[in-house]
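The values are calculated or read from the model by the stated rules, or taken from the named source; none is laboratory data. Everything quoted here is computed from the prediction, not taken from an experiment. Note that we place each Cβ from the backbone using ideal geometry, even for glycine, and neighbour counts take in every protein chain shown. The protein model used for the area step is the full one, side chains on, heavy atoms only, and it has no ligands, DNA or RNA in it. Shrake-Rupley method; radii C 1.70, N 1.55, O 1.52, S 1.80 Å.
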Amino acid sequence: MCGIVGYIGVKEATPVLLKGLKKLEYRGYDSAGIAVLGAGGLEVCKSKGALNKLEEKVSALSAQASQTGGASKKPFGGTLGIGHTRWATHGEPSDINSHPHTDISGKIAVVHNGIIENHRKLKEWLAGRGVVFRSETDTEVIAHLINYYYAGELLVAVQAALKRLEGSYALGIICENDRDHIIAVRKESPLVIGRGGGENLIASDVPALLEYTRDVYYLDDREIAVLSKDKVEFYNEEGERVQKTLSHVDWDAGAAEKGGYEHFMLKEINEQPKALTDTLRPRIIPAGGTGAMASSRSVNLAEIGFDKSWAEARRVVLCACGTAWHAAMVGKYAFEYFARIPSDAEIASEYRYRNPIFNPSDIFIIISQSGETADTLAALRLAKKNGGRVIAITNVLGSTLAREADLVMYTWAGPEIAVASTKAFTTQLMCVYLIALQFGLLRGNLDQAGLDHYIEALEKIPTQAEAVLKSKETIQRFASLCFNKSKVFFIGRLFDYAVSLESALKLKEISYTHSEAFAAGELKHGPIALADESTLVTALCTQEALFDKMDSNIKEVKARGASTVVITYDDVHHFDESADTVFRIPRTPDCFTPMLSVIPCQLYAYYCSVLRGNDPDKPRNLAKSVTVE
Ligand code: F6R
């Protein structure tokens with residue numbers, strides 16, 4: 001989604017804004033712009049396309065001016081400014097529709113992430129007062145509204161304008177008549193304030209701030225921040241001052257860099273062993289003591305308040321979107337498997353519009369890498385309203401999901417920058433497995449020996465993931481032979497079906513290959529009609545009890561001309577006859593294979609994307625964090 005940056009301090013704002021926008025590129029965008037308060041007043045530069053187009057335009061304007069004017073008039077030389085990367089929602093990508101948008105006086109500039117739902121009504125109202133609109137965006141109304149209410153106090157005008165806005169917004173606002181402030185506002189769209197020494201910043205996400213500070217304030221819904229170069233003040237929607245706590249971001253700037261990899265996605269795929277270790281290790285309490293004092297190893301889930309009261313739960317509802325929903329599906333199977341408790345995996349964008357049945361003893365597990373997905377947050381609010389116990393699994397500290405859920409379990413994956421989710425997925429799986437195991441113990445479906453066995457298996461997963469990653473060249477070679485297949489299907493059952501869905505999503509989103517996942521048993525109910533010589537079918541075969549069933553399915557598609565790939569254990573030869581190609585993963589209990597079997601599929605999607613000439617980090621039409629419906 002759109003990215004916002006803002007700077008007030010002693011440095012020239014333009015390079016800070018452009019660098020900040022670069023760090024937010026991963027969110028997806030189609031145009032960009034900046035507004036800077038310089039000696040000559042409010043200067044705005046906007047451009048459709050990649051950020052380098054904007055950079056070129058700013059340099060050209062600066063060069064032009066230095067030939068004709070003096071240094072004092074250097075355009076974009078001011079120390080206060082805002083910037084934006086836009087992902088078009090209202091109005092096509094174009095220079096005019098790019099942000100910042102200004103009011104009719106050209107003195108107020110606004111950048112916006114979100115959607116103003118009542119913009120049509122406001123547009124009519126403003127047009128009736130003589131405002132001529134230049135863009136097709138919903139955002140432009142905000143600049144005009146602020147101007148309408150402006151009588152010398154920017155904050156007062158912003159507060160009045162906000163009362164008229166319906167929808168979601170994160171805003172950065174500057175005004176030529178107020179050279180000492182940036183105003184930042186948040187409602188349902190993320191915004192972080194960076195607190196520096198003699199300089200302060202705003203950004204949609206932390207990576208844009210890391211070069212300047214690691215001390216941040218997370219703006220809450222309906223809060224306003226007024227930044228000057230030496231301080232930041234916060235107000236609630238009633239205009240009362242609020243005190244906020246400064247948070248320190250632990251990850252260093254390098255965590256959000258490519259670190260020698262060609263793409264963030266490849267880096268993040270390779271980071272999975274570490275991410276899995278970091279997610280698992282702090283939650284395992286080793287066995288200790290001897291004799292009467294001996295204690296068995298256990299899972300520590302104090303962070304989500306896991307205690308005996310959970311035994312009253314009659315159902316677990318896991319809810320999420322996209323890749324996180326696939327993790328929820330694995331979670332559903334894991335809860336049934338280990339804890340024998342009814343579980344549902346719900347698509348948040350569907351769930352929020354249903355009329356779901358709630359039970360006060362339900363446990364809701366809401367999963368989101370970003371913690372900012374609009375549909376997922378709506379599902380969380382629905383569950384909370386109906387009295388459920390809401391646990392968030394998220395990767396982003398201080399995200400809206402983390403703040404609104406009753407309790408949070410973090411996936412310690414580190415920043416995930418590539419649009420396609422990889423390490424977030426496998427660490428989400430690690431979290432749901434840990435909860436399911438502990439639940440199994442509590443409900444008496446698992447004894448201590450069983451728990452020990454599974455914990456031991458989980459502890460091996462990071463090393464096993466490392467081993468799978470070693471086969472990346474084999475997968476790269478395979479991708480080079482069939483990256484241009486027009487139809488790719490993934491088939492599997494249960495846990496393997498969830499991985500099939502995730503693999504098909506990964507391939508379609510970054511390589512633009514038409515790929516679909518089918519529950520293998522459903523093939524003969526329709527999808528097999530599609531199988532022919534142009535089809536590649538990847539069969540996920542990691543559940544021993546289903547090997548024969550899967551082998552029949554593979555033979556069925558092969559008989560219709562499809563090429564077949566099987567992903568199975570490294571000691572299994574069940575599919576040697578039916579598979580044209582086999583990718584192998586190390587042995588682990590069948591229920592844990594998703595954390596390993598997805599890796600070859602992530603790599604396959606990555607290499608297909610690169611071979612097709614795409615940028616896997618920034619797939620077309622997609623945004624990292626879907627903060628609007
Ligand atoms: C796919 C992908 C998306 C996200 C989905 C939810 O690779 O990244 O499908 O999984 O948009 O995002 P979060 O997890 O941030 O709620």
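Which length gain, in nm to one decimal place, applies between residue 443 and residue 573 when the Cα-Cα distance is subtracted from 0.36 nm times their residue separation? Let's see the in-between values first.
On the way: separation 130, 0.36 × 130 = 46.80 nm, distance 3.71 nm.
Between residue 443 and residue 573, full extension yields an extra 43.1 nm.
One chain, two ends: residue 285 and residue 50. Fully extended at 0.36 nm per residue, the span grows by 79.7 nm beyond their Cα-Cα distance.
First compute the accessible area of the chain with a 1.4 Å probe, then give the percent of it belonging to carbon and sulfur atoms. Write down the numbers at each step before the final one.
Details: 12100 of 24010 Å².
It is 50 percent, rounded to a whole number.
The overall shape of the range 472-611 is rounded: from the C-alpha gyration tensor, with semi-axes ordered a ≥ b ≥ c, the ratio a/c is less than 1.5. Take the range 263-338 with all the other protein chains still there, run a 1.4 Å probe, and you get 40 Å² of accessible area per residue. Between residue 463 and residue 255, the modelled label-to-label distance comes to 2.6 nm, taking each label 7 Å out from Cα in the direction of the beta carbon. Sites listed here are chymotrypsin sites (Phe, Trp or Tyr not before Pro) in the range 1-108 whose DSSP assignment is loop and whose Cβ has at most 14 other Cβ atoms within 10 Å, and the list is empty. For a straight C-alpha distance cut-off of 29 angstrom, the lysines reachable from residue 163 (same-chain residues fewer than eight places away being disregarded) are 46, 107, 121, 123, 187, 229, 231, 244, 384, 385. Annotation for the range 394-454: trypsin sites (Lys or Arg not before Pro) lying in DSSP loop with at most 16 further Cβ atoms inside 10 Å of their Cβ are 443. Please say if the range 264-469 is rounded, prolate or oblate, where rounded means a/c under 1.5 for a ≥ b ≥ c the square roots of the C-alpha gyration tensor eigenvalues, and otherwise the choice is prolate for a/b larger than b/c and oblate otherwise? Cα axes put the range 264-469 in the oblate bin. Model label points for residue 104 and residue 243, set 7 angstrom from Cα along the Cα-to-Cβ axis, are 4.5 nm apart. Annotation for the range 311-384: trypsin sites (Lys or Arg not before Pro) lying in DSSP loop with at most 15 further Cβ atoms inside 10 Å of their Cβ are 314, 340, 354. Applying 1/(1 + (r/R0)^6) with R0 = 51 Å to the Cβ-Cβ distance of residue 262 and residue 629 gives a FRET efficiency near 0.90. The overall shape of the range 489-560 is oblate: from the C-alpha gyration tensor, with semi-axes ordered a ≥ b ≥ c, the ratio a/c is 1.5 or greater and a/b is no larger than b/c. Taking the DSSP bridge list for the chain and keeping only pairs wholly inside it, about 60 percent are antiparallel.
State, as an integer percentage, the relative contact order of the chain based on alpha-carbon contacts under 8 Å between residues 6 or more apart. List each step's numbers first, then the result.
On the way: 1435 pairs, mean separation 73.6, N = 629.
About 12 percent, as a whole number.
With all pairs of separate Cα atoms included, the chain yields a Kirkwood hydrodynamic radius of 26.0 Å.
What length, rounded to one decimal in nm, is gained on full extension from residue 532 through to residue 555, with 0.36 nm per residue of separation minus their alpha-carbon distance?
7.0 nm
Computed over the Cα atoms of the range 3-252, the ratio of the radius of gyration to the Kirkwood radius (Rg/Rh) comes to 0.94.
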